[in-house]
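As structure tokens, the structure follows; a few thoughts come after it.
Derivation of every value follows stated rules applied to the coordinates shown; laboratory data play no part. Since this is a predicted model, take the numbers as computed values, not measurements. Glycine also receives a Cβ, built like all others from the backbone with ideal geometry; neighbour counts cover every protein chain displayed.
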Amino acid sequence: MAEKNDLMEKVVSLCKRRGFVFPGSEIYGGLANTWDYGPYGAELKKNVKNAWWKHFVDDRDDMVGLDAAILMNPKTWEASGHVNSFSDPLIDCKKCKTRHRGDKLLEEKIGVEKTAGIELKEIHNALEKEQVPCPDCGKIDWAEAKTFNLMFKTHQGVVEESTTEVYLRPETAQGIFVNFKNILDSCRVKVPFGIAQIGKAFRNEITPGNFIFRTREFEQMEIEYFCKPDTKKEVFEEWKDLSKQFFTEVLGIKTDNLRFREHDEKELSHYSSMTFDVEYRFPFGKRDAVETWGELQGLADRGDFDLSQHEKFSGKDLKYQDPHTNERYLPHVIEPSFGCDRTLLTVLIDAFDEEKLEDDSVRTVMRFKPSIAPIQVAVFPLLKNKEELVGKAREIYKDIKKSFRSEWDDSGNVGKRYRRQDEIGTPYCITVDFDTLEDESVTVRDRDSMEQERVKIGELKEYLMAKM
Ligand code: GAP
């Protein structure tokens, strides 16, 4: 029911009101574009990460995990190409002195395909030709575009000199490549196999924004899948299917709001010969944007770019030896790379619903898939001042909590408790009433249909298990 352009505002407001996402360092006036996950947001994020790990690592025999350091030897970033190529075109508005990403402003006006591959020196003229105004002051008075490296620099140790300079990793992927040999030598892996990692990455984005969509500190969920070069086409297709499955079946995202988009040649990163983005139709709708599809995941054929660069820069032999044929080669890599915070934003937007009820009131409900909902079951005593109801409800709660993410709620009337649980997306609420004391049954209310059913306490776990 929410209009597309105010949906985003409503989601952001619900996130704050209900403890999903707070503005960062708020009591000090905040820090621009930083966000903190509150209790329900942290829970939801953990559930998304666990579901990802289960789908791509635990449920397969050809995947292993890794948790590498954020700070890496700076040579890593020379080898990976980030020192030289990981930059965006920065453009200043001469009128109001604000800074913007030239290519993104153009993309919003003429579309990603027409913008892809545009040279730095062409950006200024293109913005003037397309009459792209400054988003802050509305004037068209652009300076020439400059390159701006996105890596955050810091110093390791107590002396601030260039030899101590290190970067906060801009992607988790390189932690995987530099550990490829360690994993080959210590684990019983055979090509084809993949290494997965979830962790923080940092990019000094010129124009962060759209809530948790583009931030300077974010989490990635990345896989580097190593395969024989002549098999990579099939492997790529397999990962395309698995990625789609993750979003639609595991997280329950509506298929209509998702698409795969192939990068044309000009858009490809320096390391890739083929890339698809999984995109979601976000309700950003800002300015005169031609589209609001935003990247959730990249799926790239990285060839042997990274391993061969690390061989060159480290002087180490990183080749794989086939145990059957003794053939030695650098495997090629298919990389599904997911943004965790963007996935979370997608889950939040996709789940948000406003439903008009018979009495003309509107209920807000987060229709999370039960398996990832922050709270799966809420338990209420009908009245909080009736000892026998509270005692019975506590008993049930204690037991239910062992199997489901559960919450106790005894404040306000039951109707208000339902509304609150709807807003945090709890799929089932259990009410213990006076009949419970007689018939050992409780009322289970379904979030989506709002229907209520009497269920025997002894059958409750099985009943809920079947629904999750
Ligand atoms: N290792 C490949 C790589 O990092 P990428 O397309 O630059 O590829 C992968 O990033 C994913 O990380 C993106 O699809 C996006 O979901 C997420 N991501 C990238 N930059 C981000 C940012 N500034 N804020 C939030 N998520 C971001």
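Here's how it looks for Ile253: its modeled amide H is under 5 Å from those of Thr248, which are all 5 or more places away or on a different chain.
Test of understanding: ordering Glu407, Glu222 by Cβ neighbours within 10 Å, fewest first, what list do you get? Don't skip to the end; give the middle numbers.
Working: Glu407 20, Glu222 25.
By the 10 Å Cβ count, ascending: Glu407, Glu222.
Full extension of the chain between Lys95 and Thr231 yields a length gain of 43.6 nm, computed as 0.36 nm times the residue separation minus the alpha carbon distance. Absence of a disulfide-compatible partner, taken as no other cysteine beta carbon within less than 4.7 angstrom, is noted in the chain for Cys15, Cys187, Cys227, Cys340, Cys429.
Just flag the trypsin sites (Lys or Arg not before Pro) in the stretch 160-213 sitting in loop per DSSP whose Cβ has no more than 13 other Cβ atoms within 10 Å.
Numbers: sites: Lys181, Arg188, Lys190, Lys200, Arg203; in loops: Arg188, Lys190, Arg203.
Passing both the DSSP loop test and the Cβ count: Arg188, Lys190.
For the chain, the residue among Pro374, Phe22, Phe338 whose Cα projects farthest onto the positive side of the dipole built from Cβ charges is Phe22.
Proximity of backbone amide H atoms, modeled 1.01 Å from N, is registered between Ala378 and Glu407, Tyr428, Cys429, Ile430 at under 5 Å, excluding neighbours fewer than 5 places apart on the same chain.
Hey, got the dipole for the chain? About the Cα centre, +1 on K and R Cβ, -1 on D and E Cβ, debye to the nearest 20?
Numbers: 72 positive and 87 negative charges, 187 e Å.
That gives a dipole near 900 debye.
Each of Arg259, Arg445 was scored by other Cβ atoms within 10 Å of its Cβ. Listed from fewest to most, they are Arg259, Arg445. Working note: Karplus 6.51/-1.76/1.60 with θ = phi - 60° gives the stretch 334-349 the couplings 9, 10, x, 10, 9, x, 6, 5, 5, 5, 5, 4, 4, 4, 5, 5 Hz, where Gly and Pro are set to x.
For Ile27 and Glu238, what is the calculated FRET efficiency with R₀ set at 60 Å and r taken between the beta-carbons, to the nearest 0.05? Taking R0 as 60 Å, the efficiency between Ile27 and Glu238 is 0.80.
Across the chain, the fraction of Cα-Cα pairs farther apart than 42 Å, rounded to a whole number, is 27%. Taking the square roots of 5 times each eigenvalue of the Cα gyration tensor of the stretch 87-149, largest first, gives ellipsoid semi-axes of 16, 13, 9 Å. Modelled label-to-label distance, Thr248 and Val362, 7 Å Cα→beta-carbon offset: nm? It works out to 3.0 nm between the two label points.
Could you please rank Trp408, Trp239, placing first whichever residue has the fewest other Cβ atoms within 10 Å of its Cβ?
On the way: Trp408 16, Trp239 21.
Going from sparsest to densest Cβ surroundings: Trp408, Trp239.
Using the Karplus relation 6.51 cos²θ - 1.76 cosθ + 1.60 with θ = phi - 60°, the per-residue 3J(HN,Hα) values for the stretch 393-402 come to 5, 4, 4, 5, 4, 4, 6, 4, 4, 5 Hz, with x marking Gly and Pro. Label reach from Asn179 (point 7 Å along Cα→C-beta): in the stretch 216-239, amide nitrogens under 19 Å belong to 218-227. How much length is gained on full extension from Phe260 to Lys190, taking 0.36 nm per residue of separation minus their Cα-Cα distance? Result for the pair: 22.2 nm of gain on full extension. Note on Phe148 and Asn84: their simple-model spin labels are 2.4 nm apart, each label 7 Å out from Cα toward Cβ. Extending 7 Å from Cα along the Cβ direction at Asp59 and again at Thr163 yields two label points whose distance is 5.1 nm. Each pair of Cα atoms in the stretch 375-467 enters the Kirkwood radius, and Stokes-Einstein at 25 °C and 0.890 mPa s then converts it into a translational diffusion coefficient of 191 µm²/s.
Where does each of 225-232, 86-93, 461-468 land if you order them by average Cβ count within 10 Å, highest first? Intermediate results must be reported in sequence, preceding the final value.
Numbers: 225-232: 17.9, 86-93: 20.9, 461-468: 12.8.
Packing order, densest peptide first, comes out as 86-93, 225-232, 461-468.
A simple charge model with +1 on the Cβ of Lys and Arg, -1 on the Cβ of Asp and Glu and nothing else charged puts the dipole of the stretch 193-325 at about 440 debye relative to its Cα centre.
Calculated FRET efficiency, Thr207 to Lys386, Cβ-Cβ distance, R0 = 56 Å: about 0.50 to the nearest 0.05.
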